Structures are given as structure tokens and as C-alpha cells.
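Quick notes on the structure that follows.
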Amino acid sequence: MEEDNDGMDTEEIAVAAYNKVDALLDLLIKKKIISQEEYDEAEDSLWEELEGEEDSEESS
């Protein structure tokens, strides 16, 4: 299933990617492959990591 991204601007591509990730997460949770809590913890951890990287870049 190949998609044609010609003619799509950056925002449209980002929205399409977000929608696909959201659908995939919903499916993983519905199939009980991961729990909502596991996803929330992973997302929180990622944000903390990204914020830590920003802080270390600012102090350099």
C-alpha cells in the first residue's frame, strides 16, 4: 500500500502521520498488546527525555 504524498504540504503530511500513529495505538490497546497506562508512561518518559535534552542544549 504505497501512498502518493505529491501535492501534500508539510502540515497535511504531519496530520496524516499523526492519524496513522493514533489508529495504530488504538489497535494495539484494543488487542491488549499494550495498555493505555504503558503508553502513557512511555509518552511521559519521552517528553521528559526531550525536555532534558533542551535544558542541556540551553546551558551549553
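The values are calculated or read from the model by the stated rules, or taken from the named source; none is laboratory data. Please read these numbers as outputs of a predicted model, since none were measured by experiment. When we count neighbours, we look across all protein chains shown, and the Cβ atoms used for this are built from the backbone with ideal geometry, even at glycine.
Please verify whether residue 56 is exposed (fewer than 11 other Cβ atoms within 10 Å of the Cβ), of a type in the set (Ser, Thr, Tyr), at pLDDT 95 or above and in a helix (DSSP H, G or I), treating the condition exactly as stated.
no
Answer with yes or no whether residue 12 is over 11 Å from the mean Cα position of the chain (by Cα) and surrounded by 10 or more Cβ atoms within 10 Å (Cβ to Cβ).
Yes: the conditions hold for residue 12.
Yes/no matrix, rows are residues, columns are (1) in contact with a Leu (Cβ under 9 Å, 6 or more places away or on another chain); (2) not hydrophobic (A, V, I, L, M, F, W, C):
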site: 8; (1), (2): no, no
site: 18; (1), (2): no, yes
site: 22; (1), (2): no, yes
site: 30; (1), (2): no, yes
site: 34; (1), (2): yes, no
site: 45; (1), (2): no, yes
site: 50; (1), (2): no, no
site: 53; (1), (2): no, yes
site: 58; (1), (2): no, yes
